[in-house]
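Below is one structure; the comments refer to it alone.
We did not get these values from a lab; they are worked out from the coordinates using the rules stated. Note that this is a predicted model, so its numbers are computed, not measured. Glycine gets a Cβ as well: all are built from the backbone with ideal geometry, and neighbour counts include every protein chain shown.
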Amino acid sequence: MTTSDPSAPVVLDQVSVPIGGRPVLRDVDLTVRSGEVVTLLGPNGSGKSTLVRAVTGLLPHTRGTVRLFGTPIEQFRDWPRLGFVPQRSSAAGGVPATVREVVASGRVGRRRLLRPSGAADRVAVESALEVVGLVDRASYGVSQLSGGQQQRVLIARALAGEPDLLVLDEPTAGVDLPNQQALADALGRLKARGATILLVAHEIGPMMPLIDRSVVMRDGRVAYDGPPLTQEVASHTHHAHDHPADGPGSHDHVPHVASPLDFERRNRS
Amino acid sequence: MTFWDLFSLGFMQRALIAALLTGLAAPAIGTFLVQRRLALLGDGIGHVAVTGVAIGLLTGTSPTWTAVVVAVLGAVLMELIRERGHTNGDVALALLFYGGLAGGVLITGIAGEGAATLQAFLFGSLNAISVGDVWSTIVLTVVVLTVTLGLLPQLFAVASDPDFARVAGLRVRTYNLLIAVLAAVSITVAMRTVGLLLVSALMVVPVATSQQVARSFRTTLAGAMLVGCVAAVGGLVLSAALSFRVTVAPGPTIVLLALAMFTATWPLGVWLRRRSRLMAPFPEVTATPHRSTVEHPHEHGEACGHPAVPHGDHVDYVHDGHRHAVHGEHYDEH
């Protein structure tokens with residue numbers, strides 16, 4: 001299905017990831033090409049976050065290969081090229097911190113030990129704040145912001161590291177509509193700059209026009225990989241891979257039964 | 001002898017230096033513990049250090065250095081248990097609390113020392129500090145401050161979001177262990193001043209005081225170190241001044257003075273937080289129907305006393321459950 005370009009930002013080949021000895025992801029193939037915006041969809045427990053944690057190196061995989069920018073993840077050292085927005089409800093910790101401080105902490109991957117921050121650091125932080133539209137809130141405490149604004153702070157933190165690939169885990173969870181729009185605007189600006197984005201989402205909403213491709217996870221395996229789907233369609237899709245050329249519009253909404261045999265047929269074809 | 005004569009005494013000078021350094025080091029590392037929501041970690045390590053002191057008494061070596069070794073081992077163990085996630089963080093702490101204290105009391109007994117010897121370490125004995133103790137305190141404080149302030153960006157990133165820090169390429173476990181080891185070191189630094197059972201107070205109370213008024217991490221850290229110094233030196237001087245009349249131990253005085261500073265700033269913090277909540281801008285939502293007020297007897301303005309909350313390109317005046325925005329000659333309900 002996916003043409004394997006070995007130097008693409010993310011290439012997963014037959015990857016299995018266990019958690020506590022139980023295989024959660026099995027035989028996952030996924031390629032995210034340079035400049036693409038890919039959404040990972042699927043119900044809770046389908047392995048979306050596990051997949052993201054495998055791609056970011058937070059969880060080890062037992063089978064297959066995970067490549068980032070062409071390098072197997074075990075040997076990958078160029079971490080500043082990867083920007084990560086973890087799934088978090090709040091950007092605040094136990095001690096107050098300003099928006100600028102949290103965003104500036106996104107520079108740690110690029111800063112040398114025991115050196116003060118330089119002009120390049122400050123420029124990157126300001127431009128990250130600009131992308132998410134929080135320049136006027138930079139000196140606010142993060143705990144003073146709404147949940148949606150805090151998500152934007154977390155995105156700005158990832159952007160401050162000037163990554164080539166951005167991985168976001170549920171940035172829209174529990175975010176109100178105006179902030180979803182602001183998130184979508186920020187991602188749109190990044191896409192226009194040529195950023196590669198892998199996004200786990202529950203609600204797509206205003207981000208719909210940005211998306212190049214949807215990948216639907218179901219019980220730890222990839223159930224669909226093709227043209228963008230909305231969440232509503234994705235939660236009904238089981239057999240879309242049988243007719244991948246068809247867009248989401250041709251789906252008949254009849255409940256299908258997904259069986260492991262279907263996957264094997266797909267892999268052989 | 002008058003109060004001022006006290007400062008010419010050698011033991012008082014040594015005690016002042018030790019108190020000042022403790023007041024600087026303990027809150028510096030405490031800020032990172034509070035950021036990681038591990039405020040009680042210091043207490044856990046303090047209890048483990050009791051065993052270290054007892055081993056020192058048993059073997060006849062310096063209790064300060066055996067306490068450092070055992071506290072560091074305990075801190076590393078605690079961090080590894082927490083990281084493995086087999087036991088809940090606070091259960092792991094509780095296990096070490098009890099093990100450390102029980103072990104300490106048991107070994108002190110075997111060493112043939114009484115409770116009085118141990119008490120000097122449990123509640124501090126600023127008056128018994130030797131020149132060698134002052135030097136080791138200086139060295140340990142310099143180490144703690146150099147590392148915490150020098151690696152501030154890295155430690156802040158790790159303490160506020162370990163997953164993010166790991167993906168950014170930081171060795172999160174190394175930094176977490178570093179914080180644990182530094183906490184153990186500053187606890188043994190503070191052991192002489194406030195004692196092992198009260199040491200955590202100097203790590204946490206100044207931070208709690210500072211964050212009532214501070215908005216940024218750096219000001220919280222600087223404020224906590226200031227509060228720590230004022231509390232440690234002030235508490236020592238206060239206890240010395242009072243000791244002409246009654247027996248006042250410096251350790252508890254220092255902790256109570258820090259708590260008094262917290263109590264003093266707390267209402268201010270409550271007021272500041274309430275104000276920032278009230279003045280937070282209203283979200284901009286388009287397409288709400290236009291509704292103007294009926295007859296409005298009051299004219300809103302800069303000094304009318306009603307909170308003027310930003311709302312898009314204008315301000316809403318908040319009073320009696322209404323949000324009034326100026327619209328030409330009348331007010332709109334927003």
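A few points about this structure:
- Most mobile of B:T209, B:T193, B:T59 in a GNM of chain B (Cα contacts under 10 Å): B:T59
- The Cα center of the stretch A:1-54 and the Cα center of the stretch B:49-122 differ in position by 47 Å.
- Using a simple spin-label model with pseudo-atoms 7 Å out from Cα toward Cβ, B:E302 and B:L226 lie 3.0 nm apart.
- With the highest mean first, a sort of the peptides B:17-25, A:28-36 on other beta-carbon atoms found within 10 angstrom per residue produces B:17-25, A:28-36.
- In this structure, B:T219 and A:A192 have a Cβ-Cβ separation that, at R0 = 45 Å, corresponds to a calculated FRET efficiency of about 0.75.
- Peptide B:212-223 is shielded by partner chain Cβ atoms: per residue, an average of 4 of them sit within 10 Å of its Cβ.
- For chain B, built as a Gaussian network whose Cα springs stay under 10 Å, the top-fluctuating residue of B:S243, B:S292, B:S125: B:S292
- For A:136-148, mean number of other protein chain Cβ atoms within 10 Å: 3
- Counting neighbouring Cβ atoms within 10 Å and putting the fewest first, the residues B:H290, A:H202, B:H319 line up as B:H290, B:H319, A:H202.
- Couplings 3J(HN,Hα) of the stretch A:210-221, computed from phi: 7, 7, 8, 7, 10, 10, 9, 9, 9, 6, x, 10 Hz, in residue order, whole Hz [Karplus 6.51 cos²θ - 1.76 cosθ + 1.60, θ = phi - 60°; x for Gly and Pro].
- Student exercise, the protein assembly as shown dipole from Lys, Arg, Asp, Glu Cβ charges, in Debye to nearest 20: 1860 debye
- Taking 7 Å steps out from each Cα toward its Cβ at B:L77 and A:S146 produces label points 5.0 nm apart.
- Theoretical gain in end-to-end length, B:R84 to B:R171 [0.36 nm per residue, Cα-Cα removed]: 29.7 nm
- Separation of alpha-carbon centers, the stretch B:210-237 and the stretch B:1-18, rounded to whole Å: 24 Å
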